[in-house]
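K.L.:
Before I ask anything, here is the structure I am working with.
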Amino acid sequence: MSADTGVDEARPQVGPEVPELRVESVSVRFGGIRALDDVSFAVQPGSVHALIGPNGAGKSSCFNVICGVYKPTSGGVQLGDTALTGLPPHRLAGLGIGRSFQNIALSQHSTVLDNVMLGRHVLTRGGFLAGGLRVPWVVREQRVHARRAAAICEFLGIADRLHSRVDALPYGVAKLVDMARALAVEPRVLLLDEPAAGLNAAETAQMASTIRDLRDELGISVLLVEHDMGLVMGIADRVSVLDFGRLIADGPPEDVQNDPEVIKAYLGTGDDEES
Ligand SMILES: Nc1ncnc2c1ncn2[C@@H]1O[C@H](COP(=O)(O)OP(=O)(O)O)[C@@H](O)[C@H]1O
Ligand SMILES: [Mg+2]
């Protein structure tokens, strides 16, 4: 533990307790469209919870409500005893909500390390301008954060890419950099929107094993928004299924997989062959 920053460099910065994340009776309307209709589910601490459903089911809308991008028409989101609804995204990061982006939102011309360091700005006292002034304690703080950023990249198996520019990386590696940036805020709950979209079979298998490691080694909760039911069945502890904005199933993967309404929802769209 560094006396300067309170940052433990070697260990993941997971608090003693990871709170339950609860989506409570959330509805979202866009004009006449009901993107979400009275949806409730809970993400248990330290679990992988998948939110799946055919295209247009409301998965991204739900993700955007949880991370503060959309305001629900009614209902709300709780992290333990804290109401998240209405808080701006940077406050959510401070409370331990990390997120990835469906279309990678990295600075393409910067290095992997610089991108992950940007993710840490919510945890830095000095900020990057002060870092440029080379005030000694700020320089020390930056060094601690750089080591932690490197440790996160090592955890994800991309330590050899620390000094590569993002635009020089294969897509699958860039996805892991986006995840490293999300982990840089030391989240207690990590929201991943379609992390396997656009990945080939080998990259998808690696992503699945990385998500398992997040749960098993960091102890954080992962809410995995995925289009592909097949992918999540192997790694999720619990699965919630949306169809036309409604929650049609919520339970362990083996139950959900055999649920007639879920099978009907997927067969009805022809989506089951994708990704
Ligand atoms: N910003 C928006 N404005 C208008 N309609 C939207 C918006 N976001 C989503 N929708 C609509 O809400 C429904 C659910 O979309 P979405 O949440 O993106 O589903 P999914 O991620 O499951 O494919 C769709 O009918 C979509 O067209
Ligand atoms: Mg979506």
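K.L.:
Tally time: how many residues in the stretch 190-230 are over 20 Å from Val43 (Cα atoms) and touching a His at 6+ places or on another chain (Cβ under 8 Å)?
P.N.:
Residues that pass the stated criteria total 1.
K.L.:
Could you tell me how many of the residues in the stretch 195-204 are under 24 Å from Glu217 (Cα atoms) and in contact with a Phe, Trp or Tyr (Cβ under 9 Å, 6 or more places away or on another chain)?
P.N.:
Matching residues across the stretch 195-204 total 2.
K.L.:
Out of the residues in the stretch 83-113 that are over 19 Å from the mean Cα position of the chain (by Cα) and hydroxyl-bearing (Ser, Thr, Tyr), which is surrounded by the fewest Cβ atoms within 10 Å (Cβ to Cβ)?
P.N.:
Here the residue is Ser110.
K.L.:
Among (1) away from ligand 2 (no atom under 13 Å from the Cβ); (2) over 13 Å from the mean Cα position of the chain (by Cα); (3) within 10 Å of Val225 (Cβ to Cβ), there is one condition Ala50 misses while meeting the rest; what is its number?
P.N.:
All conditions pass for Ala50, except number (2).
Here's the yes/no breakdown for (1) part of a strand (DSSP E or B); (2) aromatic (Phe, Trp, Tyr); (3) crowded, with 24+ Cβ neighbours inside 10 Å:
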residue	(1), (2), (3)
Arg181	no, no, yes
Glu186	no, no, no
Leu190	yes, no, yes
Thr204	no, no, no
Met207	no, no, no
Arg212	no, no, no
Glu217	no, no, no
Leu223	yes, no, yes
Val239	yes, no, yes
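K.L.:
Sticking with this structure for a sec: Determine whether the stretch 58-72 contains at least one residue that is within 16 Å of Ser27 (Cβ to Cβ), within 15 Å of ligand 2 (Cβ to nearest atom) and in contact with a Gly (Cβ under 7 Å, 6 or more places away or on another chain).
P.N.:
Yes; the residues of the stretch 58-72 include at least one that is within 16 Å of Ser27 (Cβ to Cβ), within 15 Å of ligand 2 (Cβ to nearest atom) and in contact with a Gly (Cβ under 7 Å, 6 or more places away or on another chain).
K.L.:
Follow-up. Arg238: touching a Phe, Trp or Tyr at 6+ places or on another chain (Cβ under 9 Å), away from ligand 1 (no atom under 16 Å from the Cβ) and under 17 Å from Pro252 (Cα atoms), yes or no?
P.N.:
Details: touching a Phe, Trp or Tyr at 6+ places or on another chain (Cβ under 9 Å): yes; away from ligand 1 (no atom under 16 Å from the Cβ): yes; under 17 Å from Pro252 (Cα atoms): yes.
When the stated conditions are applied, Arg238 passes them.
K.L.:
Give me the pairs: first residue in the stretch 61-75 and of a type in the set (Gly, Ala, Ser) and within 12 Å of ligand 1 (Cβ to nearest atom), second residue modelled with pLDDT of 95 or more and not in a helix (DSSP H, G or I), beta-carbon distance under 6 Å, and six or more apart or on different chains, which are they?
P.N.:
So the pair list comes out as Ser61/Val28; Ser61/Ala35; Ser61/Leu36.
K.L.:
Run Leu199 past the list (1) without any contact (Cβ under 8 Å) to a residue 40 or more places away in the chain; (2) part of a helix (DSSP H, G or I) and report the number of the one that doesn't hold.
P.N.:
Here Leu199 meets the rest and fails (2).
K.L.:
Residues of the stretch 171-205 being touching a Leu at 6+ places or on another chain (Cβ under 8 Å) and over 25 Å from Gly96 (Cβ atoms), which ones?
P.N.:
Answer for the stretch 171-205, where residues must be touching a Leu at 6+ places or on another chain (Cβ under 8 Å) and over 25 Å from Gly96 (Cβ atoms): Tyr171, Gly172, Thr204.
K.L.:
Just to verify a result, which residue in the stretch 110-133, among those that are over 18 Å from Asp160 (Cβ atoms) and of a type in the set (A, V, I, L, M), is modelled with the highest pLDDT? Walk me through it before giving the result.
P.N.:
Let us first name the residues in the stretch 110-133 that are over 18 Å from Asp160 (Cβ atoms), namely 118-133.
Those left that are additionally of a type in the set (A, V, I, L, M): 118, 122-123, 129-130, 133.
Working: Leu118: 85, Val122: 67, Leu123: 69, Leu129: 55, Ala130: 54, Leu133: 64.
So, considering only residues that are over 18 Å from Asp160 (Cβ atoms) and of a type in the set (A, V, I, L, M), the one modelled with the highest pLDDT is Leu118.
K.L.:
Examine the stretch 51-58 for a residue that is within 16 Å of ligand 1 (Cβ to nearest atom) and surrounded by fewer than 16 Cβ atoms within 10 Å (Cβ to Cβ), and state whether such a residue exists.
P.N.:
Taking the stretch 51-58 first, the residues within 16 Å of ligand 1 (Cβ to nearest atom) are 51-58.
Subsequent filtering for residues that are surrounded by fewer than 16 Cβ atoms within 10 Å (Cβ to Cβ) retains 55.
Scanning the stretch 51-58 turns up at least one residue that is within 16 Å of ligand 1 (Cβ to nearest atom) and surrounded by fewer than 16 Cβ atoms within 10 Å (Cβ to Cβ).
The values are calculated or read from the model by the stated rules, or taken from the named source; none is laboratory data. The structure displayed is predicted, hence computed values, not measured ones. Note that each Cβ is placed from the backbone with ideal geometry, even for glycine, and that neighbours are counted across all protein chains shown.
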